[in-house]
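Just so it is clear, none of the values below were taken in a lab; they were calculated from the coordinates. Since we're looking at a predicted model, the values are computed, not measured. Glycine also receives a Cβ, built like all others from the backbone with ideal geometry; neighbour counts cover every protein chain displayed.
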Amino acid sequence: MPVELGNAAFLVSWRNSVGTGKLDLHGKIGKPSEVAIQVRRSGGSKALVTEHLSLPAGSFSVSLKLSPGLLGDGQPLLPGGFVVTVDGHSGKLVVPTQVKSVSLPPPPQGIVFRAFASGSAGGRPAGSLHGRSAYAHFVFQSQPSAKTPITVAWYAPGGKLIGVATKSNTPEIDSSISSAQLLPKGTWRVDLRDGSTVVKSLTIVVQ
């Protein structure tokens, strides 16, 4: 009593390197069945999303919601390869496991999977800073298409723009700001941009 899996496609939007959306899956099944649909990363054993459904015989369409709060590994949705599996039963009959591979492409502005502040160049991540300088570090999971300039903008507490620096399109981007006096206390913001699109915002607490 086989299942035929047809098209599977991601419909995802990106904001500040966080993806949300859905995975649309289409197929056919021979008899009414109770099925489990799971989504895993390629090469991964842990299900990110599991959906239990009662399907009537014939064609079916399923939309699986994808967001950080729903993903089983607690990680953000990142571009790459995924595997969809469908199995279950129809009465006493077993629905043979069916597998479908699908890829989530990166957005043109790229994706940062790690951003942190430190008190020195190449320094360790710090929860808060104190001193005359601050460093922001951004690590790409996928780099921008490089059709527009990559820039880093620093905003002081209160939202005043302090400066903007143009950066090369490299896997890791560092930026810093320094002062002859102690940096003003409060929450600073650092925006990494691809053109006018904010790829990632980093907040830095200065005490």
Residue list for segment 171-207, given a label point 7 angstrom along the Cα-to-Cβ vector of HIS130 and an amide N cut-off under 14 Å: 182-186, 205-207
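For the chain, what relative contact order do you get, as a whole percent, if you take Cα pairs closer than 8 Å and at least 6 residues apart?
Details: 524 pairs, mean separation 34.8, N = 207.
For the chain, the relative contact order is 17 percent.
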Gained length - SER196 relative to ASN16, 0.36 nm times residue gap less alpha-carbon distance: 63.6 nm
Calculated log₁₀ intensity ratio I(q)/I(0) where the Debye formula runs over C-alpha points of the chain, q = 0.08, 0.13 Å⁻¹: -0.40, -0.77
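Give me the extension gain from VAL139 to ARG189: residue separation times 0.36 nm, minus the current Cα-Cα distance, reported in nm with one decimal. Walk me through the numbers on the way to the answer.
Values: separation 50, 0.36 × 50 = 18.00 nm, distance 1.68 nm.
So the chain would gain 16.3 nm between VAL139 and ARG189.
Which translational diffusion coefficient, to the nearest whole µm²/s, is obtained for segment 111-206 from the Stokes-Einstein equation, given a Kirkwood hydrodynamic radius over C-alpha pairs, 25 °C and 0.890 mPa s? Write down the numbers at each step before the final one.
Values: Rh = 13.4 Å.
Calculated translational D: 183 µm²/s.
Taking 22 Å as the cut-off for C-alpha to C-alpha distance, list the pairs among LYS160/LYS185; LYS65/LYS100; LYS46/LYS92; LYS160/LYS200; LYS22/LYS147; LYS65/LYS147 that go past it.
On the way: LYS160/LYS185 14 Å; LYS65/LYS100 17 Å; LYS46/LYS92 27 Å; LYS160/LYS200 18 Å; LYS22/LYS147 28 Å; LYS65/LYS147 31 Å.
The pairs that break the limit, which is 22 Å between Cα atoms, are LYS46/LYS92; LYS22/LYS147; LYS65/LYS147.
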Contact order normalised by residue count of segment 85-196, Cα under 8 Å, 6+ apart, percent: 24
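With only alpha-carbon pairs counted, each pair once and no self-pairs, how large is the Kirkwood hydrodynamic radius of segment 78-161 in angstroms? It would help to have the intermediate numbers written out before the result.
Working: mean 1/r = 0.0576 Å⁻¹.
Averaging 1/r across every pair of different Cα atoms and inverting gives 17.4 Å.
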Debye-sum result for segment 3-104 in log10 I(q)/I(0), which assumes one identical scatterer on each alpha carbon, at q = 0.16, 0.17 Å⁻¹: -0.66, -0.74
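What does the extension gain come out to for LEU93 and SER67, with contour length at 0.36 nm per residue minus their alpha carbon separation? All intermediate terms of the calculation are to be shown ahead of the outcome.
Values: separation 26, 0.36 × 26 = 9.36 nm, distance 3.37 nm.
Net length gain for the segment: 6.0 nm.
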Exposed-site-free run, longest, the chain (rule: trypsin sites (Lys or Arg not before Pro); DSSP loop; at most 10 other C-beta within 10 Å): 93-146
